[in-house]
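Each remark here refers to the structure printed beneath this line.
Only the coordinates and a few stated rules stand behind these numbers; no lab work does. Because the structure is a prediction, the values reported are computed rather than measured. For neighbour counting, all protein chains shown are included, and Cβ atoms are generated from backbone atoms with ideal geometry for every residue, glycine included.
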Amino acid sequence: MKIMPCPLNGPRNISEFTYGGELRQMPDPAACTDAEWADYVFNCENRAGVVIEWWMHTPSSYWFLAERHTVTDEIIRTFDPKEIFSQRLDFKATAAASGRVSA
Amino acid sequence: MSAFNRLPAPMGLLIDRSQPLSFSFEGERYQGFAGDSIASALLANQRWLLSRSFKYHRPRGPLSMAGQDANTLVQLPSEPNVLADAHPLSAELQVTGQNYAGSLDNDRDALLGKFSKFMPVGFYYRSFYKPKGIWKVWEPLIRRKAGLGVLDLKFQPEYHDKAFLFVDVAVVGAGPAGLQAALDAADAGARVLLIEQQPVLGGSLNWARFDVDPAVAARLRERLVAAVEAHPNIQVLTDAVCNAWFADHYLPVIQGTRLYKVRAGQCIVASGAFDQPVIFRNNDLPGVMLTSAAQRLIKLYAVKPGTRAVLLTGNDDGYLAALDLLEAGVEVAALVDMRDAPADATLLEVLEARGIACQLGSTVYEAQHEKGMRHISGVDIRRIVDKGEVASQGLRLDCDLLCMSAGYMPAYQLLCQAGGKLSYEDSQATFSLSGLPAGLRAAGSVNGYSNLKNVLLDGAQAARQAASGLGIDPGVVSRNPRNFRQPSSSPATSASRSMNLPSVWKV
């Protein structure tokens, strides 16, 4: 069985992990076109090569990122998402969103 | 022939002469010893015909004596198709033959061989369908003839458990290469698991000769086994089979009713090699066996494999095996070498000094038999005149044993399952394996080495590579208590740089 080196729990069997899909940048839902949004929701790149993916260690519910080669299935490294998500973002409710909630 | 056919000690490494076991085969009672396999005990009683071939019911005897062939399939009360040369003998075991009509010795279905010309592969699927509906008539008859053993429908499954093992280096096979690799890796500080299919360590050192002086292999075996058994870093599993290789060195190892799930940091497979049979007419009859099988019979089970032997060889080890046979009291009628000369010319002199006639550049054209085909009675030896061609006239020799060894076939099964590719080099007449996953290495004769010195060097090299794969400097002895050494992530492959990702992500 394959081993996934979890940044929090160390090397564990792959059966303890859940795949969370490719890491992609979400377009701004308020600003993007419908086509862009649909592309983000329904399509994925499915690249043959080195990709960055979301993975979760299921027993501890810890989400992290893994750099993996999709052809050789080699896990190159795993890291905590804070390496990429380094800044806090505050959200303000947009007019459209708040309108939907009140409707 | 004598009823009981054992050689004196020290032959018979596996058998315990103080514990006789009585068992039955085909309703007749026989005596064996603890440590015997079913086949070796039967051969010690001069019982050679062990099974019948699947389709034409030709008589079959032992071929490899290592569980590598289908010639020894027998029926146990609750288990069909048991390999008699791999299954240990137990007291009051009831063994029967299978796949025959009448008796194993007089199989009425052997008549089918006379009609072989009319029964090509899969012929009944084409022949018995017309006219429409006739298949219903033929099917029960064909079904009755198909299949080998009989299932026990009242079989109660037994309890099997599992255990986990975590080691730095797993070594599969405890022959010279495996023992050397295990020792060197353990000396470097790795915790080593040594997995051996046989009940004793030593592999081919237990039965092969390696040198004109039989003490060379024995001394080496003694030294290596003693060192391995005394080493605090080596855990040994005998009678255990490594059944597969899975990603990141996850090995299912079966020992009796227990399955070990082994996780190793590095893996060394030293599974050895097997003799290849030679193709000639009647090469499947009882009395024709691999040279290694005859040596196993002598050394492991103290069974005299015949009274008058012919050796057919394509390598120098056949010459050494001739000495083994001679010392076991077998008359060696001739040694037939398919090459024009042995690689080591002194072997010819050694054999001729002992009165063994050597036929160079020749091969066995046909094995001959008496009526009933129950054992070979002689061989027809012909000179090789051209590639794939022999002389029209040959030399006939009486013999009841023909040992054959054309070359070596690596025991590649585990390595190929792990992803290795097997290829054949015609110029060197050797097989080689390539494309193994990282951290998995072949060592010894499975890697193409047959000279004992090179086998040991290859084992040592595999251990060095495994140690450096673990991050241990082989020169420095260190004890690392961790089960796994993670491959250190290199900072150069930082995700944000290599993937060209923005530094801030919106969510």
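How long are the semi-axes of the equivalent ellipsoid of chain B, taking √(5λ) for every eigenvalue λ of the Cα gyration tensor, in whole Å from largest down?
42, 31, 25
Could you compute how fast segment B:16-145 diffuses translationally, taking Rh as the Kirkwood radius over C-alpha pairs and applying Stokes-Einstein at 4 °C with viscosity 1.567 mPa s? Give it in µm² per second. Mind dumping the intermediate values first?
Details: Rh = 16.3 Å.
Roughly 79 µm²/s, to the nearest whole number.
Stokes-Einstein diffusion coefficient for segment B:277-406 at 10 °C in a medium of 1.306 mPa s, Rh from the Kirkwood formula over Cα pairs: what value in µm²/s?
Estimated diffusion coefficient is 110 µm²/s.
Let me spell out the model: positive unit charges on the Cβ of Lys and Arg, negative unit charges on the Cβ of Asp and Glu, origin at the Cα centre of the protein assembly as shown. What dipole size does that give, in debye rounded to 20?
1480 debye
If you average 1/r over all unlike Cα pairs in segment B:331-443 and invert the result, what Kirkwood radius do you get in angstrom?
17.1 Å
What is the helix-to-structure angle for B:135-145, meaning the angle in degrees between its Cα long axis and the longest Cα principal axis of chain B, kept from 0 to 90 and rounded to the nearest 10?
Roughly 80 degrees, rounded to the nearest 10.
Run the reach check for B:LYS261 against lysines, Cα to Cα strictly under 24 Å, same-chain hits fewer than 8 apart removed. What comes back?
Filter leaves A:LYS2, B:LYS162.
Compute the long axis of helix B:176-187 from its Cα atoms, compare it with the longest principal axis of the Cα atoms of chain B, and write down the angle in degrees, 0 to 90, nearest 10.
The answer is roughly 20 degrees.
Apply the Debye scattering formula to segment B:101-190, with a single equal point scatterer on each alpha-carbon and no solvent, then give log10 I(q)/I(0) at q = 0.11, 0.16, 0.20 Å⁻¹.
Log10 of I(q)/I(0), two decimals: -0.70, -0.84, -1.11.
May I ask you to list the residues of segment B:59-79 whose amide nitrogen lies under 15 Å from a point 7 Å from Cα along the Cα→beta-carbon direction of B:LYS154?
B:77-79
Mind giving me the FRET efficiency for A:LEU89 and A:ASN9? R0 is 22 Å, r the Cβ-Cβ distance, nearest 0.05 is fine. Display every interim value, and only then the final one.
Numbers: r = 28 Å, r/R0 = 1.25.
For R0 = 22 Å, the calculated efficiency reads 0.20.
Using the 2.2 N^0.38 Å rule of thumb for compact globular proteins, work out how the protein assembly as shown stacks up: its C-alpha Rg over that value, please.
My calculation over the Cα atoms of the protein assembly as shown gives 1.23.
Subtracting the Cα-Cα distance from 0.36 nm times the residue separation, let me have the gained length for B:VAL241 to B:GLN31 in nm, one decimal.
72.8 nm
Between Rg and the Kirkwood Rh of segment A:1-91, both from Cα atoms, what is the Rg to Rh ratio?
Taking Rg over the Kirkwood Rh, I get 1.02.
Return one number: the angle in degrees, 0 to 90 and rounded to the nearest 10, between the long axis of the Cα atoms of helix B:291-301 and the longest principal axis of the Cα atoms of chain B.
For helix B:291-301, the angle is close to 80 degrees.
Suppose only helical runs count, i.e. DSSP H with n ≥ 4. What mean residue ellipticity at 222 nm does that imply for chain B under -39500 (n - 2.57) per run, divided by all residues and rounded to the nearest 500 deg cm²/dmol?
-6500 deg cm²/dmol
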